[in-house]
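These notes are about the structure you will find just below.
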Amino acid sequence: MSTPPRLIVATRNRHKTAEIRALVGEAFEVLDATCFPDFPEVEETGTTFLENATLKAEAISRVAAGWVLADDSGLEVDALDGRPGVWSSSFGGVEGDHPRNNARLIGEMAGADNRRARFRCTMVLARDGRAVADFSGSVEGTITTEPAGCRGFGYDPLFVPDGYELTFAELGEAVKNTMSHRARALEKALAWLAEQ
Ligand code: ITT
C-alpha cells in the first residue's frame, strides 16, 4: 500500500492543523511545525493576510521538502472598522492569548448595535522556498455579547455564522468545516493541487 504525499502546514496552531487534516482526508499526510522542532519561528511582519501567509509558507518551504501550506487568518469586525484583522492573534496584547483577545473584543463591542463580522483566511502553497499559488475564503456572521462553547480556538466562542444560532465553539469542528473561511480556502487549494 503506498503512502500519500506529505503536506506540511506552516503552523504551530494545532487547531488549524486539525481542521485542515479533517478536510484533506486521505489525499495527503498532513504534518505541521510541531512535528519539526528545528523549523524556524517565522516573524509575521506583513500587513496583509497574503503577505504573512507568504512569509510563513516560504520560510518553512526553505527547510522542508514537498508542498508547504501556510494559513494566515483573522476576524474583521464592521463596528471596529475591520479590526482586529491581520492582528487578530495579538489583539488583547499578548500573542496567541485567546481569552485576552476575546475579552478585548467583548469590551470594544459593548453597546454596539452592528455586530457583523467575518473570518478571512488566505492560504499560500510553496515549494522549494517559493510561493506558487494563493487562495482565500471567508465566512460571514455576527459577534455575541459573551463567549459560548468550549470547542475550536481563538474567537470561535464569540462568532455565530450566518444561518446558525450557535457559535463556532458550540457547533464544533465538523459543522465549522462545512463553511468556514479555512475550509473555503482549502477547498480551492486542494482542487489546485489535484491538477499539479
Ligand atoms: P500560525 O501563525 O502558527 O499559523 P496563529 O494562530 O498565530 O498560528 P494567525 O497568525 O493566522 O495564526 O492568526 C490567526 C488568529 O486569528 C488566531 O490566533 C485567532 O485569534 C484568529 N482566528 C483565525 N482563524 C480562526 C478560527 O477559525 N477560529 C477562531 N479564531 C480564528
Check on Lys188, in contact with a strand residue (DSSP E or B) (Cβ under 7 Å, 6 or more places away or on another chain) and either of a type in the set (D, E, K, R) or open to solvent by 20 Å² or more (accessible area, probe 1.4 Å) (or both): yes
Considering only region 54-65, state which residues are over 18 Å from the mean Cα position of the chain (by Cα) and open to solvent by 20 Å² or more (accessible area, probe 1.4 Å). Arg62, Val63, Ala65
List the strands (runs of 3 or more DSSP E) that sit entirely inside region 55-163 and contain at least 3 residues that are within 26 Å of Ala33 (Cα to Cα) and not aromatic (Phe, Trp, Tyr). 67-77, 116-127, 130-143
Enumeration of residues in region 13-53 that are open to solvent by 20 Å² or more (accessible area, probe 1.4 Å), among the hydroxyl-bearing types (Ser, Thr, Tyr) and under 25 Å from Lys176 (Cα atoms): Thr34, Thr48
So for region 115-138 (the condition being free of Cβ contacts under 8 Å to residues at least 24 places away in the same chain, out of contact with any Lys or Arg (no Cβ under 6 Å at 6 or more places or on another chain) and not β-branched (Val, Ile, Thr)), does at least one residue qualify? no
Could you check, for region 85-103, whether at least one of its residues is among the aromatic types (Phe, Trp, Tyr), in contact with a Ser or Thr (Cβ under 8 Å, 6 or more places away or on another chain) and surrounded by 19 or more Cβ atoms within 10 Å (Cβ to Cβ)? no
Out of the residues in region 2-12 meeting the condition of being open to solvent by 90 Å² or more (accessible area, probe 1.4 Å) and away from the ligand (no atom under 14 Å from the Cβ), tell me which one is farthest from Arg62 (Cα to Cα). Ser2
Would you point out which residue out of Ala103, Ala70, Ala53, Ala110 is in contact with a helix residue (DSSP H, G or I) (Cβ under 6 Å, 6 or more places away or on another chain) and aliphatic (A, V, I, L, M)? Ala70
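The values are calculated or read from the model by the stated rules, or taken from the named source; none is laboratory data. This one's a predicted model, so the numbers in the text were calculated from it and none came from an experiment. All Cβ positions, even for glycine, are placed from backbone atoms using ideal geometry, and neighbour counts span all protein chains on display. Keep in mind that these areas ignore ligands, DNA and RNA; they rest on the heavy atoms of the full protein, side chains included. Shrake-Rupley method; radii C 1.70, N 1.55, O 1.52, S 1.80 Å.
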